[in-house]
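Trainee: Please read through the structure below; I'll follow up with questions.
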Amino acid sequence: MTQPTSDEGLSGQSLDEGGARTARWAFIRTESGSATVLLAATLIALAWANIGADSYESLWHTHLSVRLGDSGVSLDLREWVNSGLMTLFFFVVGLEARREFDMGELRERRRLTLPLLAGLSGMAVPVLIYLVINAGESSVHGWGAAMSTDTAFALGMLALLGSRFPRRLHTFILTVAVVDDFVALVVIAVAYSDHIDVPALLVALAMLAVIVLVRTAKVRRGSAYGVLGVITWVAVLKSGVDPVVVGLVMGLLTFAYPASRAELERATGLFRSFREQPTPELERTARLGMAAALSPNERLQRMYHPWTSYVIVPLFALANAGITLDAGLISRAFTSPVTLGILLGYVVGKPVGIIGTAALTTRLSRGRLRPPVGWGAVVGGGAIAGVGFTVSLLIATLAFEGERLDEAKVGVLSAVVCSFVVTWLVSLVIAAMPRPARSRALLGTAQSLIDLAAPVDPERDHIRGPIDAPVTLVEYGDFECPYCGLAEPVVRELLTDFGDVRYVWRHLPLPDVHPRARLAAIAAEAAAEQGAFWEMLDHLLENQDALKFGDLVAHAQTLGLDVEEFRIALRTHRGADRVAEDEESADLSGVSGTPTFFVNGRRHHGPYDIGGLTAAVHAAKERALMDR
């Protein structure tokens, strides 16, 4: 049994049919929460630099060396943060990009085209603006500081705006930000790396090839990849290229896939063996078996993402955002081509590049390629993409020093504030629209991916509610699963509140944890032969501790069924084929636990309380009515 976590829990005026995967929303929630910590670290850095500038710089210039024999790495603390710890940040970004590519919206490859083009254009236009403003100046080489969106700040600020934008905008911006990060790291490697040591670079490439071979051999030990990753990082550092690129590449190489029922059943068997004989050997086997049921991508995200979001990125801000502010710097900065190039590049160039490319791509493809959200949301997304911080400051520290670096930092921080204000104003304009126009502005007309492999068939499926309802709620359930029992009154309340929702129950007994669930499912099908499926379903979920053969017969008698006919159907397992069909459709849809809900074909990864399901149904109904 599984208990879903939040994915589609929309509130208020939110209009979206839900996200793609639970882990993606876990990623976004972590980024959103860390935005507050990141902002606090930035403010502390500014206060520290203005109260005690000498102590601030003295600390971050402290050298730390790690040596093994005659070889080693010696960097100051700021470099350890920027080139060392930030490698883990980009590793997590690469993990999420790979998850989107394997399991999310981008698993349909053509959907990658538009955010890829928008990401590239959203970098090219700001760079062009920066180059125009800095033409003929020595500062022209700092163009890289004006191009990359900050993932943590952008998603965090979208979260602060709450339900003003659909959640699928987060996915679009996340993809654009990953494109930004990848290109930015290539720019760092090519344009901001001096004196390339070719032998060291060849060693790094060879180590990456070894990592690919180890992955191909299906080695699952994290320690092996950790050692290879550290060696690769040192080789890239020695080559003269900024080694943070290693993190992104290794993240992109880490597969993501859903947990299969076979692996979950194997894990259950291993745990039972440990329960019967709790030895250290069986404990280790059970632990490894449970870990193997999850993809390495998911396990590594869960392990490292909180650290990168709540510790590493804020530490990066603390190390780099400190500027000694005075009247001279402020007046000089806002007349400086560096500050103006970065500020206008982000606040003007980013939205123009992203929105313009999205519109042009949609037009040239005749609508085959279009944003996953409405144009109002695209405008808001383009504005929030103007939040540049992490990579922008990273490149600024490589491109500038002294006064120029301070001017660049002022531009970066000003762009963060201005981009958020512009996005907030866009959200106010959209909120003032009439409801139909607001729905179209937020949701758009792009077709959604359908996660439910077997469409609802009124001739076959058990349906409660109007056949032609605009919203269909499908539940894969197990009569012995306690979470299904908790969900049942919620579903009933939902059907009472919405008169235009049809509800479909499909069987997914989990015999490895619920030994009586399959017989209970067959009992429901036996009751269906007598026209009492829903009465039996309600009765079974209300009496989950009474699912033995005799109990089921007693339930049939309570419901006034032909007990002898029911008993024969139960003994001969007459409904087993029907149950097996549901199990097969669950496997095709990637369902491995219960309860699992689908709303208009999209998997619901949110809470199944009345608030979560009501919000998901509201959103699906809004889109369904708009598409009519």
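The values are calculated or read from the model by the stated rules, or taken from the named source; none is laboratory data. What you are looking at is a predicted structure, and each value in this text was computed from that prediction instead of being measured. As a convention, Cβ positions derive from the backbone with ideal geometry for all residues, glycine included, and neighbour counts pool all protein chains shown. Note: areas computed on protein heavy atoms with side chains; ligands, DNA, RNA excluded. Shrake-Rupley method; radii C 1.70, N 1.55, O 1.52, S 1.80 Å.
Trainee: Collect residues whose amide H, placed 1.01 Å from N in the peptide plane, falls under 5 Å from the amide H of Val387; neighbours closer than 5 in sequence don't count.
Mentor: Counting only residues 5 or more places away or on other chains, the set is Asp150.
Trainee: Could you check the simple spin-label distance between Val311 and Glu263, using points 7 Å along Cα→Cβ, in nm with one decimal?
Mentor: According to this spin-label approximation, the distance is 2.6 nm.
Trainee: Hey, another quick one. Using only the alpha carbon atoms of region 188-331, find the Kirkwood hydrodynamic radius as the inverse mean reciprocal pair distance, in angstroms to one decimal.
Mentor: Roughly 18.7 Å, rounded to one decimal.
Trainee: Right, something else. At R0 = 51 Å, how high is the FRET efficiency between His63 and Val214 if r is their beta carbon distance? Nearest 0.05 is fine.
Mentor: Taking R0 as 51 Å, the efficiency between His63 and Val214 is 0.90.
Trainee: Sticking with this structure for a sec: As an exercise, find the ratio Rg/Rh for region 333-441 from alpha-carbon atoms, using the Kirkwood inverse-distance average for Rh.
Mentor: Reported Rg/Rh, Kirkwood definition of Rh: 1.09.
Trainee: Set Lys and Arg Cβ to +1 and Asp and Glu Cβ to -1, take the dipole of region 411-516 about its Cα centre, and tell me which of Thr423, Tyr483, Leu508 lies farthest positive.
Mentor: Value: Thr423.
Trainee: Sorted by packing (mean other beta-carbon atoms within 10 Å per residue), highest first, where do 339-349, 122-132 land?
Mentor: 339-349, 122-132
Trainee: In what order, largest first, do Arg602, Arg221 sit by accessible area if the probe radius is 1.4 Å?
Mentor: Descending order: Arg221, Arg602.
Trainee: If you average 1/r across every pair of different Cα atoms in region 124-211 and take the reciprocal, what Kirkwood value do you get, in Å?
Mentor: Here the Kirkwood hydrodynamic radius works out to 15.9 Å.
Trainee: Express in whole angstrom the spacing between the alpha-carbon centres of region 252-302 and region 182-250.
Mentor: Computed from Cα coordinates, the inter-centre distance equals 29 Å.
Trainee: Follow-up question, since we're still on this one. Using +1 at the C-beta of Lys and Arg and -1 at the C-beta of Asp and Glu, which of His61, Gly94, Tyr130 has the Cα lying farthest in the positive direction of the dipole of region 57-185?
Mentor: Ranked along the dipole, the leading option is Gly94.
Trainee: Can I ask one more? Viscosity 1.002 mPa s, temperature 20 °C: what is the translational diffusion coefficient of region 230-307 from Stokes-Einstein with a Kirkwood Rh over Cα pairs, rounded to a whole number of µm²/s?
Mentor: Numbers: Rh = 15.0 Å.
Roughly 143 µm²/s, to the nearest whole number.
Trainee: Mind putting a number on the dipole of the chain about its Cα centre? Charges go on the C-beta only, +1 for Lys and Arg and -1 for Asp and Glu, and I need it in Debye to the nearest 20.
Mentor: Value, rounded to 20: 1140 debye.
Trainee: Also, I was wondering about something else. From the square roots a ≥ b ≥ c of the eigenvalues of the alpha-carbon gyration tensor of region 282-404, which class results: rounded (a/c under 1.5), prolate (a/b over b/c), or oblate?
Mentor: Values: a/c = 3.72, a/b = 1.28, b/c = 2.91.
Oblate shape, in that a/c is at least 1.5 and b/c is the bigger or equal ratio.
Trainee: Give me the one-decimal nm value for the distance between modelled label points at Ala135 and Ser365, 7 Å along each residue's Cα-to-Cβ direction.
Mentor: About 3.4 nm separates the two model spin labels.
Trainee: Kirkwood Rh over alpha-carbon pairs of region 285-329, then Stokes-Einstein at 20 °C and 1.002 mPa s: what D in µm² s⁻¹, rounded to an integer?
Mentor: Value of D from the Cα-based Kirkwood radius: 157 µm²/s.
Trainee: Per residue of region 310-321, what does 6.51 cos²θ - 1.76 cosθ + 1.60 with θ = phi - 60° give for ³J(HN,Hα)? Whole Hz please, x for Gly and Pro, Karplus curve as stated.
Mentor: Taking θ as phi minus 60°, the curve returns 9, 10, 5, 5, x, 5, 4, 4, 4, 7, 10, 8 Hz for region 310-321.
Trainee: Sticking with this one: What percent of all Cα-Cα pairs in the chain falls into each 20 Å bin, going from 0 up to the bin containing the maximum distance?
Mentor: 18, 45, 28, 8, 1
Trainee: Hey, what angle do you get for helix 22-51 against the long axis of the chain, alpha-carbon based, 0 to 90 degrees rounded to 10?
Mentor: The two axes meet at around 30 degrees.
Trainee: OK, next. Put +1 on the Cβ of each Lys and Arg and -1 on the Cβ of each Asp and Glu in the chain; which of Thr268, Gly247, Ser589 then has its Cα farthest toward the positive end of the dipole?
Mentor: The Cα lying farthest towards the positive end belongs to Gly247.
Trainee: Roughly what angle does helix 533-542 make with the longest principal axis of the chain, taking Cα atoms, 0 to 90 degrees, to the nearest 10?
Mentor: 70 degrees
Trainee: Along its principal axes, what span do the Cα atoms of region 531-581 show, with the longest given first and each in whole Å?
Mentor: 25, 23, 21
Trainee: Return the sequence-ordered ³J(HN,Hα) values of region 391-406 in whole Hz as given by the Karplus equation 6.51 cos²θ - 1.76 cosθ + 1.60 applied to θ = phi - 60°, using x for Gly and Pro.
Mentor: 5, 4, 5, 4, 5, 4, 5, 7, 8, 10, 8, x, 5, 4, 5, 4
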